[in-house]
Amino acid sequence: MDLGQVSEYCYNLTNSYLEIKNQTQVIADTQDAIRLTKRYFLQDIFPRWSPLSCEISFSYNGGKDCQVLLLLYLGCIWEFFLNSVQDSQYDRQYHQYPLRSLPTVFIDQEETFATMEDFVASTSERYCLSLYESVRDEGKKLSMPEAFDQYLKLHSDTKAIVIGIRYTDPYAADLKTIQPTDDDWPDFLRLQPLLHWKLSNIWSFLLFSNEPICGIYGMGFTSIGSIKNTLPNPHLNVDRKDKPSLLFQWEIAHAFGKTDDQDPEVNVSQVNHKDLALLNNSNEKYLPGWYLTDDSLERAGRVKRC
Ligand code: ATP
């Protein structure tokens, strides 16, 4: 699929989720969350910075939040494109989709899980991303602001960057949908249209999407930092008496475009052997990340490895 086709696919995926009727409260809440995110993109953001130019970039690290936002973003770009050609005297078929690839930035840090890197590479092809990867400098650890600074030097047309942060993330409670970067960061506008999303909304939409999900989540991780500070979430340990049960049977069974002969399991990417070696060190077993829906426990796996 080229970028136009992927965008149209994401538009149809989003509409299909919005059309679900009489299911769970989580689905109804997620539909509201999607409507608000769409409104931010189509009414507040795109009229100021066109997604069909190089003014907007997308920050992507293969995590669940930015993947959800990427699917919505692509669908909204398609809708924006449809709206922009609507008044033309020529039929839609005579208008070419103006973008071939989506400007995207990935800060590849020293201790990123290999599975995550593989996932970023495979989804970069799948979603036609023009992916800038920050240079890994083993001698000197590049901070996030430094890495973004390098990106902006190479992509000087960039005015705003889409970020998949949510209110429940650390230090995010007071963030705004559109805001400038802090003083100690390079200058750009942060576009944050996912702030209001809860963990349950993320899993509901992502599992319904039938898109591949980074394999690390299948191993009991719920939020992914670096190898050194992220473990499977202890609340998903299968030996716990109070372990959560699955809330998303409907989404998995009725996933978008699922065919009868498709594996009934969730579509997760393959775990890299380097990470398997790391994770198989212990005999503990964990439920997949999407069993956890309590936002306050999402980062319970972020601890220091001894
Ligand atoms: P998870 O919480 O499961 O790891 P996530 O990575 O999408 O999912 P966060 O870690 O909370 O979410 O990060 C918030 C957002 O910041 C991401 O959605 C992404 O837009 C941006 N971001 C974080 N780390 C990077 C990175 N290394 N490179 C580019 N963007 C990043």
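The values are calculated or read from the model by the stated rules, or taken from the named source; none is laboratory data. For clarity, every value in this text was computed on a predicted model and none was experimentally measured. Cβ placement follows ideal geometry from the backbone for every residue including glycine, while neighbour counts extend to all protein chains displayed.
A few points about this structure:
- Count of residues meeting criterion [among the hydrophobic types (A, V, I, L, M, F, W, C) and more than 10 Å from the ligand (Cβ to nearest atom)] in the stretch 47-71: 5
- Residue match in the stretch 262-278 (condition: under 21 Å from the mean Cα position of the chain (by Cα), of a type outside the set (D, E, K, R) and assigned to a helix (DSSP H, G or I)): no
- Hey, Asp174 outside the structural domain of Lys274 (by the TED database) and either modelled with pLDDT of 95 or more or buried (at least 19 other Cβ atoms within 10 Å of the Cβ) (or both) or not: yes
- Checking every residue in the stretch 115-122 against the condition of being in a strand (DSSP E or B), at pLDDT 95 or above and under 14 Å from the mean Cα position of the chain (by Cα) gives zero matches.
- Boolean, Asp44 is surrounded by fewer than 21 Cβ atoms within 10 Å (Cβ to Cβ), away from the ligand (no atom under 16 Å from the Cβ), more than 16 Å from Gly164 (Cα to Cα) and in contact (Cβ under 8 Å) with a residue 40 or more places away in the chain: yes
- Tally, over the stretch 184-235, of residues that are out of contact with any strand residue (DSSP E or B) (no Cβ under 6 Å at 6 or more places or on another chain) and within 10 Å of the ligand (Cβ to nearest atom): 14
- The single condition among (1) under 20 Å from Leu278 (Cβ atoms); (2) touching a Pro at 6+ places or on another chain (Cβ under 9 Å); (3) β-branched (Val, Ile, Thr) that Thr112 does not satisfy is (2).
- Residues being at pLDDT 95 or above and out of contact with any helix residue (DSSP H, G or I) (no Cβ under 7 Å at 6 or more places or on another chain) - total across the stretch 22-46: 10
- Qualifying residue in the stretch 248-260 (condition: within 26 Å of Asp118 (Cβ to Cβ), outside the structural domain of Glu8 (by the TED database), within 16 Å of the ligand (Cβ to nearest atom) and surrounded by fewer than 15 Cβ atoms within 10 Å (Cβ to Cβ)): no
- Just one of the numbered conditions (1) basic (Lys, Arg); (2) within 23 Å of Leu175 (Cβ to Cβ); (3) at pLDDT 90 or above is not true of Arg240: (2).
- Filtering the stretch 72-90 for residues that are surrounded by fewer than 16 Cβ atoms within 10 Å (Cβ to Cβ) and within 13 Å of the ligand (Cβ to nearest atom) leaves an empty set.
- Hey, Ile178 within 13 Å of the ligand (Cβ to nearest atom) and aliphatic (A, V, I, L, M) or not: no
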